[in-house]
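Here the structure comes first, spelled out in structure tokens, and everything after it is commentary.
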Amino acid sequence: MKLTLLGTGSPIPSPDRAGSANLVQVAGQHLLFDCGRGVVMRMAAAGVLPGFVHRLFLTHLHSDHITDFNDLVTTRWAMSPIENPLPVTGPVGTRRFADTTLAMLEFDIEYRIAHHDDLEWQPGIEVAEVTDGVVWDHDGVRVIAAPTDHRPVTPTVGYRIEHDGKAIVLAGDTVPCAGLDALVAGADAYVQTVVRPDLVQMIPSPRFHDVCDYHSSCEQAGATAARAGVGTLVLTHQVPPPAPGTDHEWIDRARAGGFTGNIVFAEDLTVVEV
Ligand SMILES: [Zn+2]
Ligand SMILES: [Zn+2]
């Protein structure tokens, strides 16, 4: 399985980091997880057009994980020679989000259908709302969802992708919890969004301090990885955006959580193969 960290940023703008999005390519399938800022540009860099995506999976409906959903839907629709609705799996609320996105695109849809004689259909989105269990099972590839803890954002889910005895877990935004532990157990790669409370506390903004409440710190990500016995821990969605040359600080903190395996400090388009 090939995992590409398409976007490793957070809501805080960064010139180098797009918003949260991950691509898993396995058995000829292109599975996309979240679609934050700049996702279609980063997909282009990875050689995947929106029309190629077999399914989009959403971890939750926070803006930094869904900002460019509309771009994905529009570009897939406008570039496709045939009707090609986008299949989407996500937590409860995803269907309403998809419907309201299509409503937002009403003008553009009208313009393009009026302009192109061969474009006779509206963009389609096929939604499956999930809570846990096997949510995708095709040609030996399974995706399993489990509830995570990102309260007060609820519901949220993480995903475990399995193929040929290998497993990748995309935890999304969450603090350590039983659902996460079960999902991560024995995975070859575990991708965790992380914060550095020591740096966040230096920023004089109470609102910014709140981000520490519902994200894993590097130490917590390391502890989760150690408990689960994973092969590789991937640190992404780093908050605040890391200063150049500070990778080792983040990695050292994850090590302090007790994890002795391989640690990857993700940048946009980092690839992890398992
Ligand atoms: Zn979030
Ligand atoms: Zn986030």
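Some observations on this one:
- Pairs where the first residue, in segment 176-205, is in contact (Cβ under 8 Å) with a residue 60 or more places away in the chain and closer than 17 Å to residue 144 by Cβ and the second is more than 16 Å from ligand 1 (Cβ to nearest atom) and among the basic types (Lys, Arg), C-beta under 9 Å, 6+ apart: 188/166; 189/166
- Taken over segment 258-274, residues that are of a type in the set (Gly, Ala, Ser) and touching a residue at least 40 places away in the same chain (Cβ under 8 Å) amount to 1.
- Flag for residue 64 being acidic (Asp, Glu), within 16 Å of ligand 1 (Cβ to nearest atom), over 18 Å from residue 153 (Cβ atoms) and touching a residue at least 40 places away in the same chain (Cβ under 8 Å): no
- Only residues that are within 12 Å of ligand 2 (Cβ to nearest atom), within 13 Å of residue 9 (Cα to Cα) and of a type in the set (Val, Ile, Thr) were counted across segment 32-70, and they come to 2.
- Residue match in segment 246-268 (condition: modelled with pLDDT of 95 or more, crowded, with 19+ Cβ neighbours inside 10 Å, among the small types (Gly, Ala, Ser) and assigned to a strand (DSSP E or B)): no
- Residue check for residue 103: hydrophobic (A, V, I, L, M, F, W, C), without any contact (Cβ under 8 Å) to a residue 24 or more places away in the chain, over 26 Å from residue 3 (Cα atoms) and not in a strand (DSSP E or B): yes
- The residues of segment 6-22 that are surrounded by fewer than 24 Cβ atoms within 10 Å (Cβ to Cβ) and either within 11 Å of ligand 2 (Cβ to nearest atom) or under 30 Å from residue 165 (Cβ atoms) (or both), listed by number, are 11, 12.
Residues are listed down the side, and each one gets a yes or a no for (1) closer than 19 Å to residue 229 by Cα; (2) surrounded by fewer than 23 Cβ atoms within 10 Å (Cβ to Cβ); (3) within 16 Å of ligand 2 (Cβ to nearest atom); (4) of a type outside the set (Gly, Ala, Ser):
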residue: 137; (1), (2), (3), (4): no, yes, no, yes
residue: 140; (1), (2), (3), (4): no, yes, no, no
residue: 144; (1), (2), (3), (4): yes, yes, no, yes
residue: 149; (1), (2), (3), (4): no, yes, yes, yes
residue: 152; (1), (2), (3), (4): no, yes, yes, yes
residue: 157; (1), (2), (3), (4): no, no, yes, yes
residue: 173; (1), (2), (3), (4): no, no, yes, yes
residue: 179; (1), (2), (3), (4): yes, yes, no, no
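- Segment 209-238, residues that are within 14 Å of ligand 2 (Cβ to nearest atom) and either at pLDDT below 90 or touching a Lys or Arg at 6+ places or on another chain (Cβ under 7 Å) (or both): 210, 211, 212, 213, 214
- Search result, residues across segment 42-83 that are more than 27 Å from residue 267 (Cβ to Cβ) and surrounded by fewer than 16 Cβ atoms within 10 Å (Cβ to Cβ): 78, 79, 81, 82, 83
The values are calculated or read from the model by the stated rules, or taken from the named source; none is laboratory data. Everything numeric here is computed off the predicted structure, so don't read it as measured data. Neighbour counts run over all protein chains shown; Cβ positions are idealised from the backbone, glycine included.
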